1. What single numbered condition from (1) touching a Leu at 6+ places or on another chain (Cβ under 8 Å); (2) of a type outside the set (K, R); (3) surrounded by fewer than 14 Cβ atoms within 10 Å (Cβ to Cβ) fails to hold for G159?
2. Can you find a residue in region 111-121 that is at pLDDT below 95 and hydroxyl-bearing (S, T, Y)?
3. Restricting the search to region 106-133, which residues are loosely packed, with under 11 Cβ neighbours inside 10 Å and either among the aliphatic types (A, V, I, L, M) or not in a loop (DSSP other than H, G, I, E, B) (or both)?
4. Can you find a residue in region 71-81 that is under 19 Å from F129 (Cβ atoms) and at pLDDT 95 or above?
5. Just to verify a result, which residue in region 162-185, among those that are surrounded by 11 or more Cβ atoms within 10 Å (Cβ to Cβ) and among the acidic types (D, E), is farthest from Q69 (Cα to Cα)?
6. How do the pairs read when you match residues in region 171-182 that are within 17 Å of W57 (Cβ to Cβ) with residues anywhere that are not polar (S, T, N, Q), using Cβ under 6 Å and keeping only pairs 6 or more apart or on different chains?
7. List pairs: first residue in region 118-139 and over 30 Å from I185 (Cα atoms) and touching a residue at least 24 places away in the same chain (Cβ under 8 Å), second residue among the acidic types (D, E) and part of a strand (DSSP E or B) anywhere in the structure, Cβ distance under 6 angstrom, at least six positions apart or on different chains.
8. Can you pull out the residues in region 134-184 that are among the hydrophobic types (A, V, I, L, M, F, W, C) and not in a helix (DSSP H, G or I)?
Amino acid sequence: MKKIGLSLMMILTCMMAFAQEEVVDYLNVGKTLKFQGKKFELKWCQHQNEAVYLQEWLPEGETFDNYGQMLTVTLFFSEAGTVQYVENMAQILEKRKKTDCAYYYVHEKDGEYVIDFLVLDSAGGKVNFAEVGINHCKPVIVNGKKAVQINLYTRRAYGDDINPFLESLDDKTDDWINELTQMNIICKMK
């Protein structure tokens, strides 16, 4: 009887250890989002302190291990504003240029910024993936507090898909920027 109880306790402990934590929609923007005609599902969230909230959505069937597309919404409660975020992001991408092929452009309109970037991850001496990211950064007021909201669309290609992906970017990047900047994502805190 002790062996059965001990075995059951071990199984439950393992199940609890490997159970996925509940993904919470802290920002109240929805468990699903639609982009480029695809449905994205909320798969991950982080809220380490009262100043930063981060949520990520993937298309059905995709995982973080090898995703092709991802939507991210980040909310920073800060007096610093969008300019500081844009400067920090530019510094990160400048550092990335030291190890990988990286390009980025910053566009500003009416106090909102778009940072679009391309990175070729070349860890280990070969190109592992190509990634395009579109960051839409805007100042917002949430519950009477100043914040910066960053809506990010990331698209990746791996292996033999990298060259066709890179060749198609001229036709797609403007559409991604337009759709992302027109998405009506409004963060609300409970």
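1. (1)
2. No, region 111-121 has no match at all.
3. Pass one, region 106-133, residues loosely packed, with under 11 Cβ neighbours inside 10 Å: 109-110, 123-126.
Residues satisfying the conditions are K109, A123, G124, G125.
4. Initial filter on region 71-81 (under 19 Å from F129 (Cβ atoms)): 71-72.
Remaining after also requiring at pLDDT 95 or above: 71-72.
Yes, region 71-81 contains at least one residue that is under 19 Å from F129 (Cβ atoms) and at pLDDT 95 or above.
5. D174
6. Listed pairs, sorted by first residue: W176/I134; W176/Y153; L180/I134; L180/H136; L180/Y153.
7. The qualifying pairs are N128/D121.
8. First, the residues of region 134-184 that are among the hydrophobic types (A, V, I, L, M, F, W, C): 134, 137, 140-142, 147-148, 150, 152, 157, 162, 165-166, 169, 176-177, 180, 183.
Within region 134-184, I134, C137, V140, I141, V142, A147, V148, I150, L152, A157, M183 meet the criteria.
The values are calculated or read from the model by the stated rules, or taken from the named source; none is laboratory data. Please read all numbers here as calculations on a predicted model, not as lab measurements. Using ideal geometry, Cβ is built from the backbone for each residue, glycine included, and neighbour counts are taken over all protein chains shown.
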